[in-house]
Structure formats: C-alpha cells, structure tokens
Amino acid sequence: MSALVSRATRASYVAGLLALVLAAVLVSAPWWTGIATERLIGEFMIYLALATLWNLLAGYAGLVSVGQQAYVGFGAYVLISLASLAGWSPLWAVPVAGLGAAAIAAPVARLVFRLQGAYFAIGTWVIAEVFRLVCAQIAVLGGGSGTSLTPAAMKLVAASRPAREAAIYWLALALGLGAVAVAYALLRSRIGLALTAIRDSEIASDSLGIRIDRVKFAVYVLVAGITGMVGALVELQKVRMSPDAAFSVNDWTAFVIFIVVIGGIGTIEGPILGALIYFALREYLAELGSLYLMILGALAILVMLTAPQGLWGFVQRRFGLSLFPTGYRVRGL
Amino acid sequence: MTWINAIVQGVLVGGLYALFAAGLSLIFGVMRLVNVGHGDLIVAASYLAWSIVHATGLHPLLSLIIVAPVAAVFGYTLQLGILNHTLGKGILPPLLVTFGLSVIIQNGLLQIFTADTRKLDAGALETGSFALLPGVDIGYLPLLMFATAVVVIGALQFLFYSTGLGREFRAVSDDREVAELMGVDERRVYAAAMALSLAVVAVAGVFLAIRSNFDPFMGPGRLIFGFEAVIIGGLGNLWGTLAGGVILGVAQGVGAEIDPGWQVLAGHIAFLLVLAVRPRGLFPRIS
C-alpha cells in the first residue's frame, strides 16, 4: 500500500488564497477608508504581532515571559531618541529599534535564562522594570513624565497628514502580517521542528540531541528584535510617550497573554483568533473599564482550566482543521 | 553617618520585604507554584484591614485578628477550588491562572475602592523612635516590622521541621506520589500551605498599609520585591529569604541616598548582580 505525505490540506490552500486576497484588501485600505479605520486596523496589527511573538516564546519555546514590555518600551525610546534628538526620519529608526532590541536581548537572555520556569517569568518582569526605571532617568527625554515626537520629526514620515497616517498604517500591516509570516516560516523550518519538539516535551527533545538552550536563545533574541520594531511603531502611532505607558505590563503583556490563551496557545491560528475576539469584546465591553479587564482575566482562567488548548485547539480537535499547516499528514492512497 | 543610617534603615525595611517573600517562598517550596497574584493579595489584605479599621475603629495591628483568618480561609478555598486543578500540567497553567487572578484583584480593588491612595494610621507607633547612635534613629514601627519578620520566619521554620503538618509539607515537596501512597492527601496539604501563605500575606498587608500610602496597583511591585528577596537568599531557605530581604532593603536604602530616583533601581541591580554571580542565590538549599 502506498501513501501520500503532504503538508498542505484543502483547507490550507483555501486559507492561503483567502489570506492573499485579505492582504491585498488591507494594503489598499488607505484608498477606500478613513483615518479612524486605519488606526483601528493598525492597533489590531500591533496586538496580532505581539500575540504571535509571545506565542512563539511561551507556546513553543517554553519561555513564559511577562516582560516583553521591556522591548516594546525600548523600541519606542530608540525611535523617539533617533527622531527627536538626532533628527532621523522615524521610519528609518524602526529597523534600528529592532536591531537594538535584539542586541540588548542577547545579554539579557544570558542572565534571565538562569531562572527556571515561573521564576524566569518574574525575572523578565524585573528586567522590564529596570528598563523603565532607567528610561525614567533620561532627562532629555522628559524623565518620568516622558515626551512627544516633535512635529518636525512627524513631518519626516510624510508631509501631509493622510500620507503620514497611510505610511504608519502600512508599517503596522507589514509588522502584523510579517510577524505571522515569520512565525509560519520559522515553524516549518528545522528550528521549527525543534521548537515543536520542545513544546511537546523538553526532556524527550533533549534526549534526541536538540540543543534546547541554543534554540531558546535564538527564538528569544528574534522575538525581542521584532517586538522592538513593534514598540517603535507604537511610538509612531501614539506620538506621546511616558515610561509608564511604554513599559506597561497591562498593555503589552497582560492583554497579549489573554489573547493567546483564549485563542489557543501553541498554534499559529490561535493568536489570530484571540486577537479578533479581543477586539470584538473591546468594541462592546470597553466602556466597562476595569470590569472589562476582570472579565478578560476570568475568561482566560476559565479557558486555562477547562480547555487549555484554547478556542483554536478545540476547533482543531473537533474538525481536524489546520489553516497554517506546520506538520505533515499521511494519507493512504 | 548618613550612610550608616541608610544601611540601618535598609536592614529594617528588609524585614518587610522578607514578609512579602515568606509566603511566596513557602508555597514554592511545597508545590513549586509561583503565585503571580501574591503581591495583589498583599494589597487586598491592606484594603481589608483598612475597611475593618474604618468600620470598627480597631487599632490597625489588632485588625489582624480578623484579616489573617479571612485571608487564610480564602487561600484554602482558592487552592482547593482553582489552583489545585492547575498543578502537574507544566508551568503554564499555574502561571497564567495566577496572572489572571492578579489582574482580577487589581481591577476589583479599583472598582470597589477607586484609585485614591489610602493609609492606615497607627498613631504613636509610627512616629516614635529612639537614638541608636547620634544621627541614627530607630523607629518603633520599622523595628516592630523587622521583629515580626524574624518571628514569622522562625515560626514557619519550626512548623516545617518540628510538626506533623511540616512533615507532610516536606513529604509532598520531596515526592508527591510517594507521599500520597503513605496516605497524605496532597490536595489538602497544598490547601493548608496556601492558607498559611495567605496568613503571612495578611501580616505583610497590614504593615504595608501602616508604613506607606497604598493603591490598587501596588501589588506587582511588592511581588517583585518578594521574589527578589527569595532569589537573592536562595530557593527553599527561609532564613536565606530574610537575608535576601535585608540585602534588598540595604541596596535600596543606599541607592536612595545617592539619588532618590535610584532607590528601586538599585535593588533590582543588586538582584541582577546576585543572579549573574551566584545564580542559585547566596544560601541555596534546594536544587
């Protein structure tokens, strides 16, 4: 009996096609929609990127970080320093923020990797606090109360307001969709195979010769780099920035964790679904303020206790559906 | 003399940090659970004490007669009802569930008590002091906090190594399955450990509320101080945790003396230095 081994499924072909169409529609958005919609989609892209990146860390590499706001804030501060102090175009500062975040993540990783499991989580939080407190000491950037991007710096993005909004929107789109594409490509590569093995069992993958520490280090640095670029984008979107907002654990980590947990940790589709749910809930419940956060927290606890694979995990088990196939399927002919 | 004063005050504040840390250290030792909501539970205890003091006019320290048992019962039910279901399935479930709990407590406190800062007034205890050296005054409150930390940690140490419950704690910590075979009901032992942890949280919360202003978002900061004290002292060593709290307090005191903006940062840097040089802490007991 012969068998056919394939990665793709009919669902994944359809999903791939739909994703291309959707991407084309999103790219053209500035021509057919207004600034408000652009901003909403831009913000969605930020959370899509952060959730996808955190999922790579926690869902695959076993690195449960609650300190990713360190790199968001770092990226924001790199951008504002280069743009407002050195007179760079903010758009050029974005890749530099990414490289800088990756460069600083390497020594940080060497330090926090000494902590195991849950202590690693709080260790990353301490690092984020150190970044925040150091940035609050920088007097030229407003110290503890922060500062704004100068109008001159904003003009360097584009002269007219609609063109500027469109440029920032496309950057958000590139980072949001780019993060998903990077995660997908990574998980289909050799490192992805190692990551999936680490996700399923660290002890077993160790005994198979996977260099767990190296893989984890590489993923941590890569994720920090892209997170730094997202942070630079956040600065461009918000214009005004204070250390407390740039390094906010709620905005850049708590929400992100809830998105991934509710959507489904350890899958590519989970964070996408989670981000959609988060934004839908927010549209209806945001007026509730702190009550909304309590609902989100309770929902995440409920999912973790009753369906730890999240909503997408449920869909996957129930229907065998996989839109971004990273494994292989064997079918008899 | 200002430097000696900074160090002495730092040592005394270290007692409070050890109180933040003791409950955290206890449950990690027994069930390898890191409670991310620990700091928020401390702040919740502060609010409970504040409410009781305002309703009854009790002295803040006496409010512990109510706060400690309430916290312990809450801890017991929390462990039986929720946290026990997260154990044994890897590191994610307990971490994420207690993280969710942290967000719920913070925003719940915000809903009930608003974002206004509050403080408990302990009268003469707060203002009284005696001169240890010229220029070095010891306040009664910091001294009481430090003495309480020593007593609490001594009591926990006694409980761990000299009582039947302590034997059960150590048994489930060493080998959960064998302990179960010996007839230990691990779920109840874990619940007892969490109850004990929250009783210590209550003590920490009342002192926090007397010492300084507090608001609903102070929890994560207290969690981090407690965590740093645990790691500096070495995992699983309760007296080490006290030493860790003292080192953290001194680092912060000296940092504040250099520049007020450096107070918390200096503590974090001391923690990172210990992590870089002695990753298992200064006095580790368990691997």
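The values are calculated or read from the model by the stated rules, or taken from the named source; none is laboratory data. It should be emphasised that the depicted structure is a prediction, and the values quoted were computed from it without experimental measurement. Glycine gets a Cβ as well: all are built from the backbone with ideal geometry, and neighbour counts include every protein chain shown.
Evaluate the following for A:Gly310: is it within 14 Å of another protein chain (Cβ to nearest Cβ), in contact (Cβ under 8 Å) with a residue 40 or more places away in the chain, of a type outside the set (A, V, I, L, M) and under 15 Å from A:Leu56 (Cα atoms)? It is false that A:Gly310 is within 14 Å of another protein chain (Cβ to nearest Cβ), in contact (Cβ under 8 Å) with a residue 40 or more places away in the chain, of a type outside the set (A, V, I, L, M) and under 15 Å from A:Leu56 (Cα atoms). Within segment A:234-244, the set of residues being more than 13 Å from A:Phe74 (Cβ to Cβ) and either surrounded by 22 or more Cβ atoms within 10 Å (Cβ to Cβ) or more than 14 Å from chain B (Cβ to nearest Cβ) (or both) comprises A:Leu236, A:Gln237, A:Lys238, A:Val239, A:Arg240, A:Ser242. Counting only residues that are crowded, with 16+ Cβ neighbours inside 10 Å and either touching a Gly at 6+ places or on another chain (Cβ under 7 Å) or of a type outside the set (Val, Ile, Thr) (or both), segment A:308-333 holds 12 of them. Any chance segment B:83-91 includes a residue that's of a type in the set (Val, Ile, Thr), modelled with pLDDT under 95, touching a strand residue (DSSP E or B) at 6+ places or on another chain (Cβ under 7 Å) and on the phi < 0 side of the Ramachandran plot? No, segment B:83-91 contains no residue that is of a type in the set (Val, Ile, Thr), modelled with pLDDT under 95, touching a strand residue (DSSP E or B) at 6+ places or on another chain (Cβ under 7 Å) and on the phi < 0 side of the Ramachandran plot. Annotation note: Cβ proximity below 7 Å between a residue of segment A:12-41 that is farther than 12 Å from A:Trp170 by Cα and a residue that is polar (S, T, N, Q) and modelled with pLDDT under 90 (sequence gap 6+ or interchain) occurs for A:Ser12/A:Ser322.
Would you list the helices (runs of 4 or more DSSP H) that sit entirely within segment A:117-216 and hold 2 or more residues that are more than 14 Å from every other protein chain (Cβ to nearest Cβ) and at pLDDT below 90? Working first, answer last.
Numbers: elements: A:117-135, A:151-157, A:161-188, A:190-200, A:202-207.
Fully inside segment A:117-216 and qualifying: A:151-157, A:161-188, A:190-200, A:202-207.
Scan segment A:278-307 for residues that are part of a helix (DSSP H, G or I) and within 13 Å of chain B (Cβ to nearest Cβ) and the total you get is 19.
Here are some residues: B:Leu109, B:Leu125. Which one is within 14 Å of chain A (Cβ to nearest Cβ) and out of contact with any Ser or Thr (no Cβ under 7 Å at 6 or more places or on another chain)? Break it down into steps so the answer makes sense when it comes.
Details: B:Leu125 fails: within 14 Å of chain A (Cβ to nearest Cβ).
Only one candidate qualifies: B:Leu109.
So, in segment B:66-82, exactly how many residues are within 18 Å of the chain's Cα centre (by Cα), hydrophobic (A, V, I, L, M, F, W, C) and either at pLDDT below 95 or closer than 20 Å to B:Val30 by Cβ (or both)? Please lay out each step first, then the result.
Of all residues in segment B:66-82, those within 18 Å of the chain's Cα centre (by Cα) come to B:67-76, B:78-79.
Cutting the leftovers down to hydrophobic (A, V, I, L, M, F, W, C) gives us B:67-68, B:70-74, B:78.
Add one more test, that the residue is either at pLDDT below 95 or closer than 20 Å to B:Val30 by Cβ (or both), and what stays is B:68, B:71-74, B:78.
Residues that pass the stated criteria total 6.
Selection of segment A:309-324 for residues being under 20 Å from the mean Cα position of the chain (by Cα) and on the phi < 0 side of the Ramachandran plot yields A:Gln309, A:Leu311, A:Trp312, A:Gly313, A:Leu323, A:Phe324.
Check whether at least one residue in segment B:10-29 is among the polar types (S, T, N, Q) and part of a helix (DSSP H, G or I), and report yes or no. Checked against the condition, which is being among the polar types (S, T, N, Q) and part of a helix (DSSP H, G or I), segment B:10-29 yields at least one hit.
Considering every residue within segment B:261-283, establish whether at least one is buried (at least 19 other Cβ atoms within 10 Å of the Cβ), within 14 Å of chain A (Cβ to nearest Cβ) and of a type in the set (S, T, N, Q). Looking through segment B:261-283, none of the residues is buried (at least 19 other Cβ atoms within 10 Å of the Cβ), within 14 Å of chain A (Cβ to nearest Cβ) and of a type in the set (S, T, N, Q). Scanning segment B:54-63 turns up at least one residue that is over 30 Å from A:Gly264 (Cβ atoms), surrounded by fewer than 21 Cβ atoms within 10 Å (Cβ to Cβ), more than 16 Å from the chain's Cα centre (by Cα) and in contact (Cβ under 8 Å) with a residue 40 or more places away in the chain.
Look at B:Pro69 and say whether it is exposed (fewer than 15 other Cβ atoms within 10 Å of the Cβ) and away from every other protein chain (no Cβ under 14 Å). Can you show your working first?
Numbers: exposed (fewer than 15 other Cβ atoms within 10 Å of the Cβ): yes; away from every other protein chain (no Cβ under 14 Å): yes.
Yes; evaluated as a whole, the condition is true for this residue.
Hey, could you check segment A:195-213 for residues that are within 21 Å of the chain's Cα centre (by Cα) and not hydroxyl-bearing (Ser, Thr, Tyr) and say which is surrounded by the fewest Cβ atoms within 10 Å (Cβ to Cβ)? Among residues in segment A:195-213 that are within 21 Å of the chain's Cα centre (by Cα) and not hydroxyl-bearing (Ser, Thr, Tyr), the one surrounded by the fewest Cβ atoms within 10 Å (Cβ to Cβ) is A:Arg199.
Give the residues of segment A:79-115 that are among the hydrophobic types (A, V, I, L, M, F, W, C), crowded, with 22+ Cβ neighbours inside 10 Å, over 14 Å from A:Ile226 (Cβ atoms) and away from chain B (no Cβ under 14 Å), sorted by residue number. If you could, list the steps in order and put the result at the bottom.
First, pick out the residues of segment A:79-115 that are among the hydrophobic types (A, V, I, L, M, F, W, C): A:79-80, A:82-83, A:85-86, A:88, A:91-94, A:96-97, A:99, A:101-106, A:108-109, A:111-113, A:115.
Next, from what is left, pick out any that are crowded, with 22+ Cβ neighbours inside 10 Å: A:79-80, A:83, A:93-94, A:97, A:101, A:105, A:108, A:112.
So of that shortlist, the ones also over 14 Å from A:Ile226 (Cβ atoms) come out as A:79-80, A:83, A:93, A:108, A:112.
Once the filter is applied, which keeps residues that are among the hydrophobic types (A, V, I, L, M, F, W, C), crowded, with 22+ Cβ neighbours inside 10 Å, over 14 Å from A:Ile226 (Cβ atoms) and away from chain B (no Cβ under 14 Å), segment A:79-115 yields A:Leu79, A:Ile80, A:Ala83, A:Ala93.
Taking segment B:37-128 as the region of interest, the helices (runs of 4 or more DSSP H) fully inside it that hold 1 or more residues being of a type in the set (D, E, K, R) are B:38-56, B:124-127. Taking the listed residues A:Glu235, A:Glu202, the one that is acidic (Asp, Glu) and touching a strand residue (DSSP E or B) at 6+ places or on another chain (Cβ under 9 Å) is A:Glu235, with no other qualifying. Residues that are among the acidic types (Asp, Glu) and exposed (fewer than 15 other Cβ atoms within 10 Å of the Cβ) within segment B:118-136 comprise just one, B:Asp121. Residues in segment B:109-147 that are more than 24 Å from B:Tyr17 (Cα to Cα) and without any contact (Cβ under 8 Å) to a residue 24 or more places away in the chain: B:Gln111, B:Thr114. Can you find a residue that is among the polar types (S, T, N, Q), farther than 21 Å from A:Leu296 by Cβ and touching a helix residue (DSSP H, G or I) at 6+ places or on another chain (Cβ under 8 Å) anywhere in segment B:97-111? Scanning segment B:97-111, I find no residue that is among the polar types (S, T, N, Q), farther than 21 Å from A:Leu296 by Cβ and touching a helix residue (DSSP H, G or I) at 6+ places or on another chain (Cβ under 8 Å), so the answer is no. The set of residues from segment B:255-273 being more than 19 Å from B:Arg222 (Cα to Cα) and either in contact with a helix residue (DSSP H, G or I) (Cβ under 8 Å, 6 or more places away or on another chain) or among the aromatic types (Phe, Trp, Tyr) (or both) comprises B:Glu257, B:Ile258.
Quick check: anything in segment A:84-106 assigned to a helix (DSSP H, G or I) and free of Cβ contacts under 8 Å to residues at least 12 places away in the same chain?
Filtering segment A:84-106 for residues assigned to a helix (DSSP H, G or I) gives A:84-85, A:90-106.
Subsequent filtering for residues that are free of Cβ contacts under 8 Å to residues at least 12 places away in the same chain retains A:92, A:103.
Checking segment A:84-106: at least one residue is assigned to a helix (DSSP H, G or I) and free of Cβ contacts under 8 Å to residues at least 12 places away in the same chain.
Restricting B:Val250, B:Val178, B:Val184 to residues that are more than 10 Å from chain A (Cβ to nearest Cβ), β-branched (Val, Ile, Thr), surrounded by fewer than 24 Cβ atoms within 10 Å (Cβ to Cβ) and outside any helix (DSSP H, G or I) narrows the list to B:Val184.
Kindly indicate whether A:Ala76 is within 23 Å of the chain's Cα centre (by Cα), in contact (Cβ under 8 Å) with a residue 40 or more places away in the chain, within 14 Å of chain B (Cβ to nearest Cβ) and in a helix (DSSP H, G or I). So that I can check it myself, show each step before the final result.
Values: within 23 Å of the chain's Cα centre (by Cα): yes; in contact (Cβ under 8 Å) with a residue 40 or more places away in the chain: yes; within 14 Å of chain B (Cβ to nearest Cβ): no; in a helix (DSSP H, G or I): yes.
When the stated conditions are applied, A:Ala76 does not pass them.
Taking B:Arg280, is it in a helix (DSSP H, G or I) and among the charged types (D, E, K, R)? It is false that B:Arg280 is in a helix (DSSP H, G or I) and among the charged types (D, E, K, R).
Which of the residues belonging to segment A:250-277 are surrounded by fewer than 24 Cβ atoms within 10 Å (Cβ to Cβ) and not in a loop (DSSP other than H, G, I, E, B)? Within segment A:250-277, A:Asn250, A:Asp251, A:Ala254, A:Phe255, A:Glu269, A:Ile272, A:Leu273, A:Leu276, A:Ile277 qualify. Can you tell which of B:Val43, B:Val30 is crowded, with 22+ Cβ neighbours inside 10 Å and under 13 Å from B:Phe207 (Cβ atoms)? That would be B:Val43, the only listed residue that is crowded, with 22+ Cβ neighbours inside 10 Å and under 13 Å from B:Phe207 (Cβ atoms).
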